[in-house]
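The values are calculated or read from the model by the stated rules, or taken from the named source; none is laboratory data. Predicted model, so just to flag it, every value in this text is computed and none were measured. We place every Cβ from the backbone using ideal geometry, glycine too, and count neighbours over all the protein chains shown.
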Amino acid sequence: MRISLTRAIAGTAIAAAAVLTAVGTASASTTPPAPTTLSIAAAKSTIIAGQRDLISGALLSGTTALHGKVVWLARVTPTATVLVDAHFTGKRGGVYFNVYPKATVTYELVFRGTPKYAPTTSIPVTVTVLPAKLATTLSIVESRNVIKPGQTDTISGTLATRKHGHPLAGQLVWLFRLVHGKLTDGNGHLTGKFGRVFFTVSPAHTARYILVFFGSSKLSGTYSGVVTVIVS
């Protein structure tokens, strides 16, 4: 059977075009995705339990910011990495997460990649969470509000927890005299079994007093109201 030269050339051209198309498709499908980087930072390295922190990062490919890409916030433990939240990157590749950890935690940011951009993970960042301090209250009472020169007065107060009113024993409470809004003549005593503290004063002139508790590693500081001892 005879095949014309024209048909043979046409067939060869079609076959060549098919080969070139296949090669081009294979080449396009094997182009590797562009590498990416993902930074991470915590607004505060140490917070009190219940406080908010901000975890931020920026997704880049070289110097190009990647906009509209999904970045995950991950919590890292010794045994696993858990994805906990996801946001889209902004125009400059930035991403932000508000977090409220109850205990010290390590975070990473994770970009899982696209056909065009390779996946990447940030370095870890740790937020140290300190236990919340108990809120306290401090009352103040004077035994007499008017004394004569040379007489004494007793100023007392009770230090307790704010939430349940439990008395706080063995805590250092200070008595200060207020002069033009400044604390002067400080004197400190430890609270007794029922959170009570007592101070004896003998001002030469009318004076204003305040009790102050500066707090401890577990208790928040507080101060009382102001009482006036009138000397006349």
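This table checks each residue for (1) in a loop (DSSP other than H, G, I, E, B); (2) assigned by TED's automatic domain parsing to the domain that holds G221; (3) of a type outside the set (S, T, N, Q).
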site: G150; (1), (2), (3): yes, yes, yes
site: I155; (1), (2), (3): no, yes, yes
site: K163; (1), (2), (3): yes, yes, yes
site: A169; (1), (2), (3): yes, yes, yes
site: R177; (1), (2), (3): no, yes, yes
site: L183; (1), (2), (3): no, yes, yes
site: N187; (1), (2), (3): no, yes, no
site: V197; (1), (2), (3): no, yes, yes
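If you go through segment 119-160, how many residues are farther than 30 Å from T37 by Cβ and out of contact with any Gly (no Cβ under 9 Å at 6 or more places or on another chain)?
Applying the first criterion (farther than 30 Å from T37 by Cβ) to segment 119-160 yields 130-160.
Remaining after also requiring out of contact with any Gly (no Cβ under 9 Å at 6 or more places or on another chain): 130-131, 134-135, 142-156.
Of the residues in segment 119-160, 19 are farther than 30 Å from T37 by Cβ and out of contact with any Gly (no Cβ under 9 Å at 6 or more places or on another chain).
Of all residues in segment 28-59, which are aliphatic (A, V, I, L, M), more than 20 Å from A132 (Cα to Cα) and either touching a His at 6+ places or on another chain (Cβ under 8 Å) or part of a strand (DSSP E or B) (or both)?
A34, L38, A41, I55, A58, L59
Yes/no matrix, rows are residues, columns are (1) hydroxyl-bearing (S, T, Y); (2) surrounded by 18 or more Cβ atoms within 10 Å (Cβ to Cβ); (3) over 29 Å from D53 (Cα atoms); (4) at pLDDT 95 or above:
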residue	(1), (2), (3), (4)
A86	no, no, no, yes
T89	yes, yes, no, yes
G94	no, no, no, yes
V99	no, yes, no, yes
K102	no, no, no, no
L109	no, yes, no, yes
N145	no, no, yes, no
T158	yes, yes, yes, yes
Q171	no, yes, yes, yes
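Can you tell me how many residues in segment 197-232 are under 23 Å from L130 (Cβ atoms) and in contact with a Gly (Cβ under 6 Å, 6 or more places away or on another chain)?
4
Can you report the number of residues in segment 32-82 which are surrounded by 18 or more Cβ atoms within 10 Å (Cβ to Cβ) and more than 22 Å from R92 (Cα to Cα)?
Residues that pass the stated criteria total 1.
When residues of segment 151-182 are filtered for being more than 33 Å from the chain's Cα centre (by Cα) and of a type outside the set (V, I, T), how many remain?
11
Name the residues in segment 116-134 that are modelled with pLDDT of 95 or more and of a type outside the set (S, T, Y), would you?
Listed by number, the residues that qualify are K116, A118, P119, I123, P124, V125, V127, V129.
Any residue that is free of Cβ contacts under 8 Å to residues at least 40 places away in the same chain, touching a Leu at 6+ places or on another chain (Cβ under 8 Å) and more than 22 Å from T114 (Cβ to Cβ) - is there at least one of those in segment 39-52?
yes
Residues of segment 120-134 being surrounded by 13 or more Cβ atoms within 10 Å (Cβ to Cβ), of a type outside the set (K, R) and not in a strand (DSSP E or B), which ones?
S122, P124, A132
Can you tell me which residue in segment 207-224 is farthest from the chain's Cα centre (by Cα), limited to those that are within 18 Å of H189 (Cα to Cα) and not hydrophobic (A, V, I, L, M, F, W, C)? Talk me through it step by step, then tell me what you get.
Restricting attention to segment 207-224, the residues satisfying the condition of being within 18 Å of H189 (Cα to Cα) are 209-216, 219-224.
Retained after the next criterion (residues that are not hydrophobic (A, V, I, L, M, F, W, C)): 209, 215-216, 220-224.
Details: Y209: 37, G215: 22, S216: 21, S220: 19, G221: 21, T222: 23, Y223: 27, S224: 30 Å.
Ranking the qualifying residues of segment 207-224, first place goes to Y209.
Within segment 183-206, restricting attention to residues that are of a type in the set (A, V, I, L, M) and surrounded by 13 or more Cβ atoms within 10 Å (Cβ to Cβ), which residue is nearest to the chain's Cα centre (by Cα)?
L183
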